[in-house]
Each structure stands twice: as C-alpha cells, then as structure tokens.
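Quick notes on the structure that follows.
Throughout, read-outs are computed from the coordinates displayed, never taken from laboratory work. Nothing here was measured: the structure is a model prediction, and the numbers come from that model. Cβ coordinates were reconstructed from backbone atoms using ideal geometry, including for glycine residues, and neighbour counts include every protein chain displayed.
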Amino acid sequence: MHDVEAAKPEAIVKLKDAMQKTEGGYFNGILTKVNDHVVRISIMTEPYFWHRHPDSDETFLVTEGSLGIEFEDHEVVLMPGELMTVPRGTVHRTRPIGGRSVNLTVESISATTEKVEMPHRT
C-alpha cells in the first residue's frame, strides 16, 4: 500500500488526480486522515486476496466502475455512488467488475489485514 500525498490541514484532495495513479493491478493509498481513521483510494484491475480486518470495520464507496465484494457464501456488487460497510472480522475479497474499479475505503488507522486461505473459492 502506498500513500497518495496525504492531505495537510485544510488541504484540498483532488480525487481526479489520485485516480490517475496506477501500479500494476492494484493500488491503495491514503488520501487523508480523519480522527482515528484513514480514507484510502483503491484502484484495481485484478482481485485483492482473501482477508479480514480483526480490529476495524471497512467501508467502501465506489467512484468509478463496479466493485465486487465476495464473502464466503455470496457476493455483493456495488455501482458508482453506492456504499457498504464490511464488519470487522468478516472474511472477504474485493475485485473489479468489468476491468477497472476505483473506490474510497475508510478504516481505522490501526487496522491490520490478515490474509485468509479460501480453499473452496478462487
């Protein structure tokens, strides 16, 4: 994960500029900090690995493309302008639908990510 020049107090964050950044199939960078949370921008053209955050909820807001959020037994697809929160400890994987997805993610600054093997799903 990378930081996109994190905002200074009263700084304007230009999403259009942040959305131009790409590094391979997945980019995730901090846009700003809000109290004890961070707002990240995620740009993906391939799935992220199966994981969970044991100590933080994770909220996704899609700004471009469509985002699939896969769970152990189902998948939710978010369109631009749609928002969803994945509760802490929930095993999930995100993936772009249709090529490229850009979303904002909000989670605790101290959030940890634990990779999870999902033998029954790819």
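Some points to look at:
- FRET efficiency estimate (nearest 0.05) - Cβ-Cβ, residue 10 to residue 74, R0 41 angstrom: 0.45
- Short-range pairs are left out: with C-alpha atoms under 8 Å and at least six residues apart, the relative contact order of the chain is 29 percent.
- Segment residue 114-residue 19, length gained on full extension (0.36 nm per residue, minus Cα span): 31.6 nm
- Farthest toward the positive end of the dipole of the chain, out of 68, 28, 106, is the Cα of 28, where the dipole comes from beta carbon charges about the Cα centre.
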